[in-house]
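Written below as structure tokens is the structure these notes are about.
Every read-out reported here was derived from the displayed coordinates using simple, explicitly stated rules and does not represent laboratory data. These numbers come from a predicted model, not from an experiment. For neighbour counting, all protein chains shown are included, and Cβ atoms are generated from backbone atoms with ideal geometry for every residue, glycine included.
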Amino acid sequence: MYGKLSGWDETIVALATPPGVGAIGVIRLSGKKAFEIINYLFPSKDLNQQPSHTLHVGYLKNGQNILDEVVVSLFKAPRSYTGEDVIEISAHGSPFIHQQIVEACIKQGARLAKPGEFTQRAFLNGKLDLTQAEAVADLIASNTRASHETAMHTMRGGFSRELSNLREQLIKFSALIELELDFSQEDVEFADRTQLYDLINTLRSTTDQLISSFQLGNVIRNGVSVAIVGKPNAGKSTLLNTLLNENRAIVSDIPGTTRDTIEEVINIDGILFRLIDTAGIRSHTSDSVEKIGIEKSYEKIRTANIVLYLFDAESETPADLQLRISDFSNENIKILPVANKIDKTDERVIRKRYADVDNIVFISARENRHIEVLKEKMLDMVLAGRVQTENTIVTNARHYEALKEVKKSLDDIKTGLDNKLSGDLLALDIRRCLHYLGDIAGLITNEDQLDYIFSKFCIGK
């Protein structure tokens with residue numbers, strides 16, 4: 001399908017575990033010379049004669065020099081990750097030992113693997129499609145439950161099945177349309193236009209769902225940027241410390257204590273929130289350093305996914321609060337008003353005072369009161385409900401852009417049907433739609449594009 005890539009026939013080697021000192025390190029070999037190389041380095045038995053998926057303990061030697069006592073795992077083609085002969089050497093976790101083993105393998109005819117080359121070979125040998133291969137990188141980078149489950153769903157073929165289903169249904173009609181072109185002089189229709197209408201509407205609905213899931217996918221993959229803003233001494237640093245459950249920011253009764261932004265990360269129900277404690281915002285200050293801090297606060301506000309507007313529940317008037325909310329909303333900033341310091345007065349009075357303000361949360365950052373309610377509200381603002389891992393969530397920008405082209409093609413097909421276009425014109429739009437569906441799964445991919453995609457992987461994977 002792709003022809004022979006440069007270095008395709010060569011045996012590759014790399015450290016598959018992170019570099020550094022640890023209990024063990026795994027060196028991986030893949031290619032037609034993998035068993036030849038390991039037999040030279042592991043002379044105690046002929047591993048060619050051993051069954052696949054077996055483990056063997058012994059000394060690894062480079063000539064008369066013992067490199068280490070290791071465990072060798074055998075995976076014979078095609079029953080391996082890459083579809084080639086694969087050897088994994090589990091050695092003690094010394095970087096010096098790892099380097100010695102890799103150099104010995106290279107001396108016997110292997111070469112150092114490029115980033116992502118093992119997974120690239122798995123893709124080229126049909127062990128994974130491109131969406132599954134890309135999910136491997138997402139799985140390695142996952143640092144929350146939600147990102148892990150989303151990557152697992154894609155790697156196990158969830159997204160691929162949806163794409164395959166879309167593509168197969170469209171191919172059937174494409175074939176019938178193409179058949180009509182062969183009998184164009186007979187004025188016959190093999191493709192039922194009513195059924196094609198129904199199919200296009202179904203495909204558009206599915207594609208819209210996948211496209212709309214990308215916003216959630218971005219949240220799951222990259223986290224949520226949350227700017228904590230408000231007037232000086234509103235309790236922003238106290239709230240940051242309470243959310244983190246540690247004294248990260250300096251807390252003082254002196255207004256303007258926070259001069260620079262402080263960023264920390266918390267995990268709320270599997271989603272990462274990047275909290276940014278900003279300098280207090282006020283109109284007039286003679287302190288030049290504080291002015292710079294306020295300017296940085298406005299920069300963070302403009303780039304944040306959510307703004308927590310924290311205010312003193314005793315001193316802020318409902319009118320001033322509504323004006324502030326309106327200012328944020330006019331700039332398309334997603335704001336969550338948070339009334340702080342409710343411990344200083346009767347909470348029922350405070351709630352009644354702000355009864356006309358929508359979507360408000362009442363807390364005491366100092367006393368850790370209603371902080372869990374605040375966390376739930378933050379989660380609801382980005383998820384609008386729990387993540388359903390059985391549904392496909394698009395997290396990859398390449399997939400997102402291709403899906404937008406699929407939607408555009410489907411819209412063109414529907415327009416063509418509405419205008420009763422001839423089969424040859426409909427066929428062009430259908431082919432374009434099939435092209436972009438194939439592009440996502442890697443059915444239509446050039447070598448340069450593959451090299452770019454897999455270059456973002458770590459070496460050894």
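For the stretch 1-90, the set of trypsin sites (Lys or Arg not before Pro) satisfying both a DSSP loop assignment and a count of at most 15 other C-beta atoms within 10 Å is given as 4, 32, 45, 79. For a test of the definition: using alpha carbon positions, the gyration tensor, and the 1.5 limit on a/c, classify the stretch 12-127 as rounded, prolate or oblate. Oblate, because a/c is 1.5 or more while a/b does not exceed b/c. In a reduced charge model with +1 at each Lys and Arg Cβ and -1 at each Asp and Glu Cβ, the stretch 12-127 shows a dipole moment near 320 debye about its Cα centre. Under 5 Å between amide hydrogens, built in the peptide plane, is the criterion, and for residue 42 it picks out 61 among residues at least 5 positions away or on other chains.
Taking 28 Å as the limit for the C-alpha separation, the pairs 45/127; 172/414; 352/375; 33/61; 114/404; 114/172 exceed it in the case of 45/127; 114/404; 114/172. Across the stretch 199-214, computed HN-Hα scalar couplings (Karplus, 6.51 cos²θ - 1.76 cosθ + 1.60, θ = phi - 60°) run 5, 4, 4, 5, 5, 5, 4, 5, 5, 4, 5, 5, 5, 5, 6, 5 Hz from first to last residue, x flagging Gly and Pro. Our note on the geometry: Cα centres of the stretch 326-368 and the stretch 38-80, 65 Å apart. Net charge near residue 98, counting Lys/Arg +1 and Asp/Glu -1 over other residues with Cβ under 12 Å of its Cβ? With Lys, Arg at +1 and Asp, Glu at -1, the neighbours total -1.
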